[in-house]
Structure formats: structure tokens, C-alpha cells
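Here, each number is a calculation from the coordinates, and none is a lab measurement. All of these numbers come straight from a predicted model, not from anything done at the bench. Methodologically, a virtual Cβ is constructed for each residue, glycine included, from the backbone with ideal geometry; neighbour enumeration extends over all protein chains shown.
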Amino acid sequence: MVLVKKADGRKEEFDGGKIIATCMRAGLPRKAAEAVLAKVNKKLYDGIGTHDIYEMVLKELERTEDRSSMVFRLREAVSQMPSDKFELYVMKLLEGRGYRCRWNVLVKGRYVEHQADILAEKAGRKYLVECKHHVNPHRFCGLGIALQVQARLDDIRDGFREGKNTLDFSQAWIVTNTKYSEHAKSYASGKKIILSGWKYKGKDSLENIIQSKRMYPVSMLKLDKNVKSRLYEQNITTIQEAVGAKGIDRKAADYIRNQTKLLLG
């Protein structure tokens with residue numbers, strides 16, 4: 001039995017099934033995923049870190065198929081986005097699911113004015129969406145965030161009842177690129193806060209929202225900082241938007257077009 005050291009210091013038994021499942025989600029057929037696992041198994045040792053395993057898998061994917069290695073890097077790519085562009089990216093993901101959205105809106109509550117990351121609406125229901133972006137994708141989104149979001153929602157609802165705003169919110173919704181603590185999950189469940197995080201929850205998990213619409217972030221592309229900066233200056237956050245972007249040299253434009261075609265099939 002090989003024990004693996006997780007990012008938070010805990011140890012657990014190595015589970016090869018997770019590697020196969022991850023590789024298949026990235027687009028590899030099962031036999032190819034099993035071949036990747038076989039190569040990783042040869043390099044395992046007791047106490048190996050999850051990041052070391054990640055690097056092994058990524059190296060094998062890069063040898064077999066460009067697309068699968070790019071999708072495998074999705075979590076890392078999202079963590080590399082600027083926080084304000086992550087908010088904009090989330091808004092575009094929600095719009096891709098049929099929500100009407102507004103980004104970065106000031107809303108008067110009963111006591112104070114609040115800056116809402118996203119206001120989303122669908123089927124007559126309004127959502128106060130809070131985005132929490134972390135550079136370290138292994139951090140947890142904790143109870144404090146859920147408490148803060150609920151307090152904001154309560155004040156805005158009180159403001160609505162007093163005629164200070166016209167937004168009758170149905171629910172709060174937190175979107176993060178990391179995982180949630182158990183306390184945050186428990187509190188959110190009781191308060192009916194929607195949680196979208198990494199591998200949480202089901203169809204509303206962040207990676208599922210991204211992959212179901214194939215709206216991959218531009219940070220997945222291997223572009224130099226200047227090109228990425230020019231894209232972000234134009235509020236371009238998805239690979240689809242990057243195709244035909246202005247102010248990009250021909251070499252970068254061709255690369256973007258080819259990689260987008262590869263990712264979208």
C-alpha cells in the first residue's frame with residue numbers, strides 16, 4: 001500500500017481509479033488512461049505528494065495528446081486568471097447557461113451599499129453571485145465566506161423591503177475555483193446558498209459548468225504575458241473570444257486559432 005501526502009498534509013491510500021477517471025474526463029479513452037496509470041505506478045513511493053503525481057500524469061498526457069493535457073490543466077489554468085477576470089469569466093459561464101447577468105454592480109442595502117460581483121437572473125429568479133478566486137487551488141473556501149455572503153444578502157433584502165433597491169433576490173450563490181470546508185457546506189445547505197466549487201456540486205460544479213459548455217479560459221493557452229495582458233485588457237476570458245482578437249501578432253493569433261480548434265474538436 002502506497003500512502004499519498006495531500007496538499008493539506010493529510011495522508012491517504014493511493015487510488016489509481018482517480019487517475020483513470022481524471023484522464024478520461026480530460027478526453028483519453030479508457031485504455032490510454034490505464035496506460036498512463038501503469039507508467040505512474042512504476043514511479044510511486046510511499047509519502048509522494050499529490051502535486052508530484054499531478055506532474056507525472058501531466059507529462060504522460062503531453063506525450064500522448066495535446067488536448068487531454070490542456071484539459072487536465074484546467075484547474076491550474078483557472079487559478080492563474082486575475083481575480084477580476086475570474087468574475088467576468090464566471091459571468092460568461094452563467095450566460096452560457098441561459099442566465100441574464102450584470103457584472104460588478106453597486107446595490108443599496110438597508111444599512112450600507114454593497115458591491116455585487118454578479119447579478120444573475122433566470123426563469124424569474126434573481127441570484128446574488130459572489131466569486132471567490134484563489135491563486136492556490138488547494139485552499140478551502142471556508143465558513144467565513146458563507147457567513148459574509150448571507151449577511152450581504154440579508155441587508156440587500158432588507159433594503160428591498162424598504163424601497164432602497166429593486167432587487168428581490170431568491171438566493172445567494174458562491175462560485176470558487178477551490179473546494180469548500182465542511183462547515184461552509186453545512187451552513188450553505190441550511191441557508192439555501194448555492195455552492196459551485198471544484199468537484200462540488202454535481203452539475204453546478206465549476207469544472208462541469210466549464211466543460212459542459214466547453215467555455216475554456218484563455219489561461220489554458222501557452223501565451224506570453226504580453227499577449228495575455230492584451231486579451232485581458234479587452235475583457236477576453238474564453239478561448240472562443242480570443243479567436244480574432246485585436247492587437248495580437250499573427251503567430252499568436254494562429255496559435256490561438258489552432259489550439260481552440262483542438263480543444264473544441
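Relative to the first principal axis of the alpha-carbon coordinates of the chain, what is the inclination of helix 250-264, with its axis defined by its Cα atoms, in degrees from 0 to 90 and to the nearest 10?
For helix 250-264, the angle is close to 90 degrees.
Please compare each pair in 85/213; 92/122; 6/222 to a cut-off of 20 Å on the Cα-Cα distance and tell me which ones are over it.
On the way: 85/213 18 Å; 92/122 14 Å; 6/222 27 Å.
Result: 6/222 exceed 20 Å.
Over the alpha carbons of the chain, what is the largest minus smallest coordinate on each principal axis, giving the biggest first in Å?
65, 50, 30
Report the equivalent ellipsoid semi-axes for region 37-180 in whole Å, largest first, defined as the square roots of five times the eigenvalues of the gyration tensor built from alpha carbon atoms.
Values: eigenvalues 320, 55, 23 Å².
In descending order the semi-axes read 40, 17, 11 Å.
How tilted is helix 182-191 with respect to the longest principal axis of the chain? Cα atoms for both, answer in degrees (0 to 90, nearest 10).
Helix 182-191 sits at roughly 40 degrees to that axis.
If one takes the longest principal axis of the Cα atoms in the chain, at what angle in degrees, from 0 to 90 and to the nearest 10, does the Cα axis of helix 30-41 lie?
Around 70 degrees separate the two axes.
Could you work out the relative contact order of the chain? I mean the mean sequence separation of Cα pairs under 8 Å and 6+ apart, divided by the number of residues, in percent. Write down the numbers at each step before the final one.
Values: 409 pairs, mean separation 37.3, N = 265.
Averaging sequence separation for qualifying contacts and normalising by length gives 14 percent for the chain.
Go ahead and collect, in residue order, the members of region 1-20 whose backbone nitrogen is under 15 Å from a label point 7 Å along the Cα-Cβ direction of residue 46.
So the set is 1-5, 11-14.
Taking the Cα centroid of region 57-103 and of region 228-250, what is the distance between the two, rounded to the nearest whole Å?
So the two Cα centres are separated by 15 Å.
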